[in-house]
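One structure below.
Values quoted throughout were computed directly from the atomic coordinates according to the rules given, and no laboratory measurement underlies them. Owing to the predicted nature of the structure, the values given are computational and were not obtained by experimental measurement. Because the Cβ atoms are built from the backbone with ideal geometry, glycine has one as well, and the counts that use them run over all protein chains shown.
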Amino acid sequence: MKNIHNSFRLLTLIFLLPVTTAPVFIKAQDNNHDLYERQFFIEGDDTLFCRILSPLHFSPEKKYPLIVVLHGSGERGNDNDAQLKWGSDLFLDSANREKFPAIVVFPQCPADSSWSVRVRPKNPDSAGIRFPMDVAPTKPLRMVMNFIDTLAKGGTVDPKRIYIGGLSMGGFGTFEILWRKPHLFAAAFPICGGGNPAGAKIYGRNFPIWVFHGTDDDAVPVNNSRIMVEALKAAKAKVKYTEYPGVKHDSWKNAFAEPEFLPWLFGQKR
């Protein structure tokens, strides 16, 4: 049985709720990171920590877009707080909450795991990182997928407006979850990540994707995104690509500051 545990005031859920139970969101009261309620998604012995922002002026009669943001490797852990370091303020902005009401989820990956399966070469002279597609997802990514499914079935989420994105390690996770769930999302925004270009033909025509990267990224080479963009173009995908000259491994700052980012994202519907 899948369960959602409540620790603060946003979800009026209790222990041992079945997967079909809809999360109930209430209007938050102040404008800071505490508005992202601390939540837990539990499957058996496994727990996914997450923070959830409710829609402004929530109405149980409406269905809302769902946005899931996957953080980078530096924000891993179990404090259920570090994952809000990048991107969360964009969705907290009062004008954005008024104009784009949505359910926003920031899950947290444990320190000893990752959002994606990546195999590094043992021989430093051999080819670069591989992204196998014949293996199971990492436990955190599996739980994110199941949590999205749980929310989508609960009656609060608009199933035609589910969005996924992430930065760095989360950008890799975004490219992986797209081929694992090719018919779920309405749009995606991988930032300074990478993935297996073979996956592009599985999901490429299904929804638009906006890819971001800095040319001088010294942690995740910009070629990772360039390869994925070319694969998406070959798959006839609706892909946008923004490359920031001179920007290193923090292109998410530029991406989240794009004036058209939120209008583009919320303008997509499956």
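Taking label positions 7 Å along the Cα-Cβ direction at both Asp112 and Val135, the computed distance is 1.7 nm, reported to one decimal. Note on Ala198 and Asn32: the model spin-label points, each 7 Å out from Cα along the C-beta direction, lie 5.0 nm apart.
If R0 is taken as 41 Å, the Cβ-Cβ distance between Lys62 and Asp218 corresponds to a FRET efficiency of 0.40. I need the shape label for the range 112-270. Rule: rounded when a/c is under 1.5, else prolate if a/b > b/c, else oblate, with a, b, c from the alpha carbon gyration tensor. Note, shape of the range 112-270 comes out oblate.
In summary, the convex hull built on the alpha carbon positions of the chain has an orientation-averaged projected area of 13.8 nm². Sorting 178-189, 152-163 by their mean Cβ neighbour count within 10 Å, with the most densely packed peptide first, gives 178-189, 152-163. Out of all DSSP beta bridges in the range 2-266, what portion is antiparallel? Express it as a percent rounded to 5. So the antiparallel bridges amount to about 45 percent of the total. By the combined test of axial Cα extent (at least 27 Å) and Kyte-Doolittle hydropathy (mean at least 0.0), none of the DSSP H helices of the chain qualifies.
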